[in-house]
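Asker: Starting off with a structure, shown below.
Nothing in this text is a laboratory measurement; each read-out follows from the coordinates by a stated rule. All values derive from a computational prediction rather than experimental measurement. Using ideal geometry, Cβ is built from the backbone for each residue, glycine included, and neighbour counts are taken over all protein chains shown.
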Amino acid sequence: MANTYTLIEAKTLGSAVASVTFSSIPSTYTDILFKVSLRTDGSTDAYFIRPNSATSNITQINIQGYGSSVASGNATTLAAGVPVSTYTANTFGNDEIYIPNYAGANYKSFSIDSVPENNATTTRQVLEAGLWSDTTAISSMKFETIDGNFVQYCTLYLYGIKNS
Amino acid sequence: MPNPTKLIINCETGVQEEIELTDEEVAQREADAEAYAIRKAEEDAAAEAKAALKASAKAKLIAGQPLTAEEADVLVL
């Protein structure tokens with residue numbers, strides 16, 4: 001049972017950027033957790049999550065709950081939902097990305113819980129289980145818009161979690 | 001017009017750098033966006049087809065008509 005959460009890094013964006021990368025993540029924790037609240041000025045309501053900037057050996061399955069329906073899918077990229085310029089003004093998303101044993105020598109699993117907030121009947125919640133089939137320790141994590149930029153005042157927090 | 005920028009935060013030193021994307025990185029972003037749009041369109045189409053199948057199955061059940069195997073699948077799988 002994890003009993004310690006340590007804030008490794010916190011960032012509030014002062015200006016719009018296309019991506020945010022946390023580099024040189026210390027390997028001294030058991031798990032890591034990102035809590036991010038994002039919004040883009042683009043038109044695609046999702047963003048990519050790339051461990052060590054990887055673009056291959058990634059698989060994921062997801063289920064998405066909409067206002068009155070559900071959908072599911074799978075893909076070879078890790079992605080989460082994000083409000084875009086047409087969504088409710090001044091509203092940011094609400095996402096958690098949990099990565100157990102991120103510094104180990106096994107493949108890395110991801111649990112992603114994402115809500116791209118929007119005051120609309122078809123807004124959605126995304127639950128995603130991902131796997132990066134690579135034995136390299138995760139030392140960086142990149143959050144990348146698909147189009148447009150993450151806007152000012154987005155917040156990103158990285159926590160390290162020890163099992164003792 | 002300048003390219004978009006990327007922010008890199010070094011968790012060891014706390015140093016933050018904002019760097020303009022290279023033309024190659026911009027091209028890669030555009031390719032990734034195109035691939036994502038294609039996949040999303042496929043997912044949306046599949047969801048719509050499933051919803052239509054469900055609606056058809058429901059209408060047939062109410063009317064006491066036989067279902068197709070596909071319509072039965074969306075109700076029990």
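Asker: Would you mind giving the mean number of other chain beta-carbons within 10 Å of the Cβ of each residue in A:71-81, as a whole number?
Answerer: Partner-chain Cβ atoms within 10 Å, mean over residues of A:71-81: 3.
Asker: Placing unit charges on C-beta atoms (Lys and Arg positive, Asp and Glu negative, everything else neutral), compute the dipole magnitude of the protein assembly as shown about its Cα centre in debye, rounded to 20.
Answerer: Numbers: 16 positive and 29 negative charges, 154 e Å.
Magnitude of the dipole: close to 740 debye.
Asker: Right, here's the next one. Hey, what's the Cα Rg ratio for chain B versus the globular rule of thumb, 2.2 N^0.38 Å?
Answerer: So the Cα radius of gyration is 2.10 times the expected 2.2 N^0.38 Å.
Asker: How tilted is helix B:23-63 with respect to the longest principal axis of chain B? Cα atoms for both, answer in degrees (0 to 90, nearest 10).
Answerer: 20
Asker: Excluding residues fewer than 8 places away in the same chain, name every one of the lysines whose C-alpha is closer than 17 Å to that of A:LYS11.
Answerer: A:LYS35, A:LYS142, B:LYS6
Asker: Just going by the charge dipole of chain B, with Lys and Arg at +1 and Asp and Glu at -1 on Cβ, which of B:ALA41, B:GLN28, B:LEU53 is farthest out on the positive end?
Answerer: Result: B:LEU53, furthest along the dipole toward the positive end.
Asker: Taking the Cα centre of region A:22-164 as the origin, how large is its charge dipole in debye, to the nearest 20, when only Lys and Arg (+1) and Asp and Glu (-1) carry charge on their Cβ atoms?
Answerer: My answer is approximately 220 debye.
Asker: Taking a cut-off of 14 Å between Cα atoms, list the aspartates and glutamates near B:LYS54, but don't count ones fewer than 8 places away on the same chain.
Answerer: Here the aspartates and glutamates satisfying the reach criterion relative to B:LYS54 are B:GLU70, B:GLU71, B:ASP73.
Asker: Measure out, as a whole number of angstrom, how far apart the alpha-carbon centroids of region A:38-62 and region B:1-49 sit.
Answerer: For region A:38-62 versus region B:1-49, the Cα centre distance is 8 Å.
Asker: Rg and Dmax of the protein assembly as shown, using alpha carbons, in Å: what are they?
Answerer: Final numbers for Rg and Dmax: 19.9, 70 Å.
Asker: So, one more: Under a straight-distance cross-link criterion of Cα-Cα below 13 Å, which aspartates and glutamates are reachable from A:LYS108, leaving out those fewer than 8 residues away in the same chain?
Answerer: A:ASP31, A:ASP134
Asker: Taking the Cα centre of chain B as origin and charging only Cβ (+1 Lys, Arg; -1 Asp, Glu), how large is the dipole, in debye to the nearest 20?
Answerer: Computed charge dipole of chain B: roughly 860 debye.
Asker: If you take each beta carbon of peptide B:35-47 and count the beta carbons of other chains within 10 angstrom, what is the mean?
Answerer: Working: counts 4, 9, 4, 0, 6, 7, 0, 1, 7, 2, 0, 3, 7.
Per residue, the number of nearby Cβ atoms from other chains is 4 on average.
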